[in-house]
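The values are calculated or read from the model by the stated rules, or taken from the named source; none is laboratory data. For clarity, every value in this text was computed on a predicted model and none was experimentally measured. Neighbour counts are summed over all protein chains in view; Cβ atoms, including those assigned to glycine, are modelled from backbone coordinates with ideal geometry. When the accessible area is computed, the model is the full protein with side chains, heavy atoms only, and any ligands, DNA or RNA have been set aside. Shrake-Rupley method; radii C 1.70, N 1.55, O 1.52, S 1.80 Å.
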Amino acid sequence: NHLIIEIGQGRYIVMAHLMQNSLQVKPGDEVRSGQAIARCGNSGNTTEPHLHLQVQSHADFGAEGLRTYPICMRGARRRDGRVERMECADLRRNDVIIGGAASES
């Protein structure tokens, strides 16, 4: 229940815990910003649907020397007991964010 997108410069976006059989793309497809590619699911040891998102150095989870990279989300709001508007959210493990357009207040 995962999808890997090659974004260039030896980096790959991994999206995991997707709803089973919800992929709307197939290997080799080009994807564009805003395109629906899958549905969020509830797989693994969780109580609710969520998306595991990471940028890494190889397409294979088990690759030797695998490295992950920070992700900066623009126009996101963090929800950790309060809502905080951020120009560039430096997300860390278990952060919960809610989407929002950059022009939202």
Give all pairs with beta carbons closer than 6 Å in which a residue from the range 16-42 that is in contact (Cβ under 8 Å) with a residue 12 or more places away in the chain meets a residue that is surrounded by 15 or more Cβ atoms within 10 Å (Cβ to Cβ) and of a type in the set (Ser, Thr, Tyr); count only pairs at least 6 apart in sequence or on separate chains. His17/Ser43
Can you give me the number of residues within the range 44-59 that are over 18 Å from Val96 (Cβ atoms) and part of a loop (DSSP other than H, G, I, E, B)? 3
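Might you check whether a residue that is of a type outside the set (Lys, Arg), more than 20 Å from Asp95 (Cβ to Cβ), part of a loop (DSSP other than H, G, I, E, B) and open to solvent by less than 40 Å² (accessible area, probe 1.4 Å) occurs anywhere in the range 19-32?
yes
Can you tell me which residue in the range 3-15 is least open to solvent (accessible area, probe 1.4 Å), limited to those that are touching a residue at least 40 places away in the same chain (Cβ under 8 Å) and in a strand (DSSP E or B)?
Among them, the one singled out is Val14.
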